[in-house]
């Protein structure tokens, strides 16, 4: 993994970082190593921030909410946009799901390449605003199938559920 830290003095100083460097390898280990050799008070605050954000972005698994959203997008097909996705999740989760949290998760999924979006036509009911429709990508479908495989295998291994159909 290659992690880039601020490469200009301006970018570094805007974050309170006194040195701009580039790290190759595990950013967490590199940051810990830099702790021992640099001024901790200014340098690591920005260094840790970049290392952790980059490291978290590489996460390869789906969270529970993301998986539910992908399943709702699959189920809704051509009608998959924020409000119906939120309603579908509310029905099955039996609790309120804010449209804002749905859109935040859809943004994450789109940045991971698991969904794509397109704008529909503006409608008078929405004050001339267009709906943003979502579709699952091939990579998204692969992730859903992999999550199902892993979860099914884990459920089947539980002794209490041996007799139940999954």
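Packing-wise, with mean Cβ within 10 Å as the measure, how do 139-146, 116-123 rank, highest first?
So the order, starting with the most tightly packed, is 139-146, 116-123.
Quick one: order 65, 134 by neighbouring beta-carbon count within 10 Å, fewest to most.
Fewest to most other Cβ atoms nearby, the residues stand as 65, 134.
Could you order the peptides 103-114, 88-99 from most to least packed, using the average number of other C-beta atoms within 10 Å per residue?
In descending order of packing, they fall as 103-114, 88-99.
Hey, rough spin-label estimate for residue 61 and residue 95, points 7 angstrom out along Cα→Cβ, what's it come to in nanometres?
Placing both labels 7 Å along Cα→Cβ, they lie 2.1 nm apart.
Would you mind calculating the relative contact order of the stretch 65-161 from Cα pairs under 8 angstrom and at least 6 residues apart, reporting the percent as a whole number?
Worked out over the stretch 65-161, it gives 27 percent.
What distance in nm separates the simple spin-label points at residue 160 and residue 125, each placed 7 Å from Cα in the Cβ direction?
Taking the simple label geometry, residue 160 and residue 125 are separated by 4.4 nm.
All of the numbers you see were taken from the coordinates with simple rules; none came from a lab. Worth saying up front: this structure is predicted, and the values here are computed from it rather than measured. FYI the Cβ positions are ideal-geometry reconstructions off the backbone, even for glycines, and counts take in every protein chain you see.
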